[in-house]
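Colleague: Please find one structure pasted underneath; my questions will follow.
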Amino acid sequence: MTAMSLLQRALEARANAHAPYSGFSVGAAIRCPDGSIHVGCNVENASYPEGTCAETGAIAAMVAAGRRAIAEVLVVAEATAPVPPCGGCRQRLAEFAGPETPVILAGPDGERLRTTMGALLPGSFGAGHLPEMPA
C-alpha cells in the first residue's frame, strides 16, 4: 500500500467533512498491518468541543472493523504549513501505534512532511503507566 493510496482515501474522506463553522476540512487515513485502510473526517458541531477530529473518526472506523494496530497514518488538510494531529489525537493514535509508526502530513497536492509518532508525542503516556488491575 502506498502513501498515494492513503492520500487518495484521506482526500475522499476530507471531501465529506462537516466543517460549517471553521471551514477547515481535514481527512485522515490509517493503514493497518494487514493492509486495510480506515478513514475519517472532521465533524464540527455548533458546540465546538463536541466535534470530532478526522483522526478520531479513522480510529473509530478501524476499531469498529476489528483492528487494533496502526502501521501508518496520513493526515490531509489545506493550509500553508503541514497540519499535524492535535494533542488529543496524538494520544489516541499512540494507543494503537508505536513510536516508529510513520505519520505523513499532506496537503491536497501531496506529502509535505513525514515524521513518526515518537517525534509527535515523545514521552507518551501508555498502558504501562497504569497500575495493574486486581484479578
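A short reminder: the numbers here are calculations on the coordinates, not readings from a lab. What you see is a predicted model; the values in this text were computed from it and never measured. Cβ coordinates were reconstructed from backbone atoms using ideal geometry, including for glycine residues, and neighbour counts include every protein chain displayed.
Colleague: Search the structure for amide H atoms under 5 Å from the amide H of residue 113, placed 1.01 Å from N in the peptide plane, and list their residues when 5 or more places away or on another chain.
Modeller: 105
Colleague: Taking only Cα atoms and a 10 Å spring cutoff, compute GNM fluctuations for the chain and point out the largest among 118, 23, 40.
Modeller: Judging by the Gaussian network model, the answer is 23.
Colleague: Percentage of Cα-Cα pair distances in the chain greater than 18 Å, rounded to whole percent? Don't jump to the answer; show the numbers that get you there.
Modeller: On the way: 4673 of 9045 pairs.
Tail of P(r) above 18 Å: 52 percent of Cα pairs.
Colleague: What does the charge add up to near residue 116, with Lys and Arg as +1, Asp and Glu as -1, over the other residues with Cβ less than 11 Å from its Cβ? Provide the component values of the computation, followed by the final result.
Modeller: On the way: positive: 114; negative: 72, 100.
Surrounding charge for residue 116 is -1.
Colleague: Something else now. Dipole of the chain (Lys/Arg Cβ +1, Asp/Glu Cβ -1, origin at the Cα centre): which of 42, 21, 97 lies farthest to the positive side?
Modeller: It is 97, whose Cα lies furthest towards the positive end.
Colleague: Turning to a different aspect of this structure: Roughly how tilted is helix 54-64, in degrees to the nearest 10 and between 0 and 90, from the longest Cα axis of the chain?
Modeller: That works out to roughly 50 degrees.
Colleague: Once the Cα gyration tensor of the range 77-135 is diagonalised, what are the square roots of 5 times its eigenvalues, in whole Å and ordered largest first, as equivalent ellipsoid semi-axes? If you can, show how the numbers build up before the last one.
Modeller: Working: eigenvalues 172, 21, 14 Å².
The three semi-axes for the range 77-135 are 29, 10, 8 Å.
Colleague: Of the residues 33, 82, 102, which exhibits the maximal mean-square fluctuation in a Gaussian network model of the chain defined by a 10 Å Cα contact cut-off?
Modeller: 33
Colleague: Give me the three principal axis extents of the range 11-90 from the C-alpha atoms, as integers in angstrom, largest value leading.
Modeller: 36, 27, 24
Colleague: Compute from the Cα atoms of the range 1-57 the Rg and the Dmax, the latter being the longest Cα-Cα distance, and quote both in angstrom.
Modeller: 12.1, 37
Colleague: Still on this structure, I have one more. How much net charge surrounds residue 62 when only the other residues with a Cβ under 10 Å from the Cβ of residue 62 are counted, with Lys and Arg +1 and Asp and Glu -1?
Modeller: Here the charged neighbours net out to +3.
Colleague: Using alpha-carbon pairs under 8 Å, 6+ residues apart, how would you state the relative contact order of the chain in percent? The partial results should precede the final answer.
Modeller: On the way: 278 pairs, mean separation 26.1, N = 135.
Across the chain, relative contact order equals 19 percent.
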